[in-house]
Amino acid sequence: MNDAYGGGSLKPGYQGKGMIVYEPLSVLSLRQRLGRLRFACYQFGAALLSGLLIALFLLLSVELLPQWVGWGVSAVVSLSLLIYQIGLLVRRLHDMEKSGWWVILAFVPLVNLPFQLYLYLGDGSSMMNRFGTPNPPVSTVVMLVGGLCWFINVLVLLSMMVLLVLGWFLPDLLAPYLGHLPQGWAEPVQQGLNAR
């Protein structure tokens, strides 16, 4: 790797005198780290791209392609998104000096929401850790888009957690609002309230 400081090859890490050589970011790496804003930005970008691809192929399968092609492409894109998102979670955990195996918590019901919130709010280490160097400083685009995505995701996660707690401990408080949901959406919630 050529550096901008003298044409020589420097290893990633601290080189003394406050100079750090950052690792080049690899989109598919499971060994690197990922800061909060890049994490939010990459999650949003992957979800948006996947959603557009799925919508495109489902629309094309209505008229131009066989229906199984649309469903097949949707399944492949969804699986690819899931694998990529797991990789993002692992890299975010690495930034917080945690093992990537903690990603299993993302699949545990009722634990996954606080776990996701922890990933968004938790502070990554600003120094080198066993997973490598911190990320290079973010660009203005990543700061704006990532910051907006970060804010929206934190707000959605907090709202979902509040609704779950209210639905469990104070179901009568939510009952008047169930009538405002579209036809059929409130039935599973109403059945849960009646079962209590």
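The values are calculated or read from the model by the stated rules, or taken from the named source; none is laboratory data. Quick caveat: nothing in here was measured; it's all calculated off a predicted structure. Every residue, glycine as well, gets a Cβ built from its backbone with ideal geometry; the counts of neighbours run over all protein chains shown. To get the accessible areas, we keep the full protein, side chains included, count just its heavy atoms, and leave off ligands, DNA and RNA. Shrake-Rupley method; radii C 1.70, N 1.55, O 1.52, S 1.80 Å.
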Among the residues of the range 8-42 satisfying the criterion of being of a type in the set (S, T, N, Q) and not in a strand (DSSP E or B), which is modelled with the highest pLDDT? Q32
Of everything in the range 32-62, what is more than 11 Å from the chain's Cα centre (by Cα), over 21 Å from D123 (Cβ atoms) and open to solvent by less than 50 Å² (accessible area, probe 1.4 Å)? Give them in sequence order. S50, G51, I54, A55, S61
Among the numbered criteria (1) hydrophobic (A, V, I, L, M, F, W, C); (2) without any contact (Cβ under 8 Å) to a residue 60 or more places away in the chain; (3) more than 19 Å from I152 (Cβ to Cβ), which single criterion is violated by L49? (3)
Looking at (1) touching a Pro at 6+ places or on another chain (Cβ under 9 Å); (2) modelled with pLDDT of 85 or more; (3) open to solvent by 80 Å² or more (accessible area, probe 1.4 Å), which is the one condition that is false for L79? (1)
Is it the case that the range 116-127 has a residue that's at pLDDT 85 or above, among the charged types (D, E, K, R) and open to solvent by less than 40 Å² (accessible area, probe 1.4 Å)? no
If you take the residues in the range 149-167 that are touching a residue at least 12 places away in the same chain (Cβ under 8 Å) and within 13 Å of R36 (Cα to Cα), which one is most open to solvent (accessible area, probe 1.4 Å)? W150
Checked pairs for the range 110-133, first part of a loop (DSSP other than H, G, I, E, B), second buried (at least 16 other Cβ atoms within 10 Å of the Cβ) and of a type in the set (F, W, Y), C-beta under 8 Å and 6 or more apart or across chains, list as none
Are any residues in the range 58-101 without any contact (Cβ under 8 Å) to a residue 24 or more places away in the chain, in a helix (DSSP H, G or I) and closer than 28 Å to L148 by Cβ, and if so, which ones? L58, L59, S74, L79, L82, I83, I86
